[in-house]
């Protein structure tokens, strides 16, 4: 992931995140992998990379006072790789 300045979040995405986070206030941590997947479905025209979306979405969740499950690297790996990781084999 590139280090540097985080792009401004598109207003439509920011509004959608606010509604989503208000509805689930007090629930378990938000899965960042799930949020990126949902964002790509609802806003397929976004030019940001998944890494950029992760930073933008995370920033909004933190501003809202929510907690985040940074689970992208686990979910994006093939099932066999996840099974090995669960057993402590990398």
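Could you list, in sequence order, all residues of region 49-60 that are over 9 Å from the mean Cα position of the chain (by Cα) and closer than 13 Å to residue 14 by Cβ? Residues satisfying the conditions are 59, 60. Pull out all pairs, ordered by first then second residue, where Cβ-Cβ is under 6 Å, the residues are six or more apart or on different chains, the first lies in region 37-58 and is surrounded by fewer than 14 Cβ atoms within 10 Å (Cβ to Cβ), and the second is not in a helix (DSSP H, G or I). Within 6 Å, the pairs are 51/1.
Just so you know, all these numbers are worked out from the coordinates, no wet-lab data involved. If you're wondering where the values come from, they're calculated on a predicted model, not measured in any experiment. Heads up, the Cβs are rebuilt from the backbone with ideal geometry, glycines too, and the neighbour counts pull from every protein chain shown.
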